[in-house]
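The values are calculated or read from the model by the stated rules, or taken from the named source; none is laboratory data. The structure displayed is predicted, hence computed values, not measured ones. Here Cβ is always computed from backbone atoms with ideal geometry, including for glycine, and neighbour counts include all displayed protein chains. For the accessible areas, the whole protein counts, side chains as well, though only heavy atoms, and no ligand, DNA or RNA atoms are used. Shrake-Rupley method; radii C 1.70, N 1.55, O 1.52, S 1.80 Å.
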Amino acid sequence: MATCGNILNELLLTGEVIETELDESSGGRPAMRYKFNADFSYIVCMYVKTDGGVHSLAYAIANLIGEVIEEKSRLIEDINYEVIDNQINGLIQQYGNIKAIGIGIPGVVHEGIIGVCDVEAFVGLPIGPKLKEKYGLEIITENDMHFTVYGFYNMQNFDEDKTFAIVNFPKDNFPGSGVIIDGHILKGNTKFAGEVSFLPLELTRDEQMKQLNSSNGFVPLAVKMIIAIIAIINPVSIALTGDLAKPELLDDIYKGCLKDIPQEHMPELFVKSNTHDEYLNGLISLTLESLTYNLQLVEKRI
């Protein structure tokens, strides 16, 4: 009792816990009620998006239970590191209690360093390490598909751990996918997992881009990529996103997959045109998780 009381007093002094009304008396001294102060500190969640050569930067400020305090999005003519840095600096000045920052990038991110990316100005940049060195905060920088698939998965409210995937088909950019296996994000050794545009499609990169953006070429390529995902991870469902994934094409894609995949192993396929909510959900969830202790229970195998 004494130890708990001391810890509670410390949390009250820091503001992490606040007092509420007294409990109803049951004959003795009424008990004091306390609650967690969700606004003790905040996180910044930000993502860069590029569609058809148009760049945008979206951000949200969330409290410690994931409630969004502020959210904005704007078009950017020339996106680069300085744009991200300036935006973060402004938010830190506005909210003095930022504890962590999550950034979604349309490309491969390994140890905070950007690899293959839809934004040429980011390629080779150590965005995560640079921001961590400058601000001294917890920084999580991930591929956009990792954040989005995590948000999708959370919002499906599965009763048990499932295997799930999304495949994004943006206009004028190469497709990518995000994968959840038994409730865990698949990132791979160098965070390259999900880069379906590098499958052996027997096409050059230029030929692949041209075919993806053609009316007759999209469905056959989409089918090949989706078949590969089904055969390897056997998901319960796959969400198709991006400007090229149109609802009217879904039936042709499904039938195309059935030519190689037996009916009983086909996942549910569905199209989700706007994935902002899922993306933001994944950003907030993973950024908040970065503030917790990095401990995981592992079943001992004999």
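Some observations on this one:
- For segment 1-147, a Kirkwood radius taken over Cα pairs fed into Stokes-Einstein (37 °C, viscosity 0.692 mPa s) yields D = 186 µm²/s.
- Pairwise centroid distance, computed over Cα atoms, of segment 80-148 with segment 216-265, Å: 32 Å
- Under 23 Å from the Cα of Lys99 - lysines, other chains or at least 8 residues apart: Lys35, Lys72, Lys130, Lys132, Lys134
- Loop GluC sites (Glu not before Pro), segment 41-82 (other Cβ atoms within 10 Å of the site Cβ: 14 or fewer; DSSP): Glu67, Glu77
- Per-selection Rg to Rh, the chain - Cα, Kirkwood hydrodynamic radius: 1.05
- Taking Lys and Arg as +1 and Asp and Glu as -1, the other residues whose beta-carbon sits under 12 Å from that of Ala38 total -2.
- In order along segment 185-196, the Karplus-derived 3J(HN,Hα) couplings, from 6.51 cos²θ - 1.76 cosθ + 1.60 at θ = phi - 60°, round to 5, 8, 10, x, 4, 10, 6, 9, 4, x, 7, 5 Hz, and Gly and Pro are given as x.
- For His110, the amide hydrogen comes within under 5 Å of the amide hydrogens of Gly115, counting only partners 5 or more places away or on other chains and with H modelled in the peptide plane.
- Local charge for Val179 was computed over the other residues whose Cβ lies under 13 Å away, with Lys and Arg +1 and Asp and Glu -1, and equals +1.
- 0 to 90° range, to nearest 10: angle between helix 218-233 axis and the chain longest Cα axis: 60 degrees
- Rounded FRET efficiency, nearest 0.05, which uses the C-beta distance separating Thr14 from Ile232 and R0 of 45 Å: 0.40
- 10 Å-binned pair-distance histogram of segment 1-45 (Cα, whole percent): 24, 42, 26, 7, 2
- Cα gyration tensor category, rounded, prolate or oblate, for segment 126-180 with a/c compared to 1.5: oblate
- Percent RCO, i.e. relative contact order, over segment 171-216, from Cα pairs under 8 Å lying at least 6 residues apart: 40 percent
- Each residue of segment 29-36 is assigned a 3J(HN,Hα), and the resulting list reads 5, x, 7, 7, 9, 10, 9, 5 Hz, derived from the Karplus form 6.51 cos²θ - 1.76 cosθ + 1.60 (θ = phi - 60°), x at Gly and Pro.
- With every protein chain in place, segment 64-123: carbon and sulfur % of accessible area (1.4 Å): 46 percent
- Proximity of backbone amide H atoms, modeled 1.01 Å from N, is registered between Ser237 and Ala165, Glu268 at under 5 Å, excluding neighbours fewer than 5 places apart on the same chain.
- Note on exposure: Asp144, Asp252, Asp206 ranked by accessible area (1.4 Å probe, complete protein assembly) read Asp206, Asp252, Asp144, with the most exposed listed first.
- Probe 1.4 Å, protein heavy atoms only - accessible area per residue of the chain in square angstrom: 55 Å²
- Other-chain or far-sequence residues with amide H under 5 Å of Tyr34's (modelled H): Thr20
- The largest-to-smallest principal axis extents of the Cα set in segment 134-217 are 42, 41, 23 Å.
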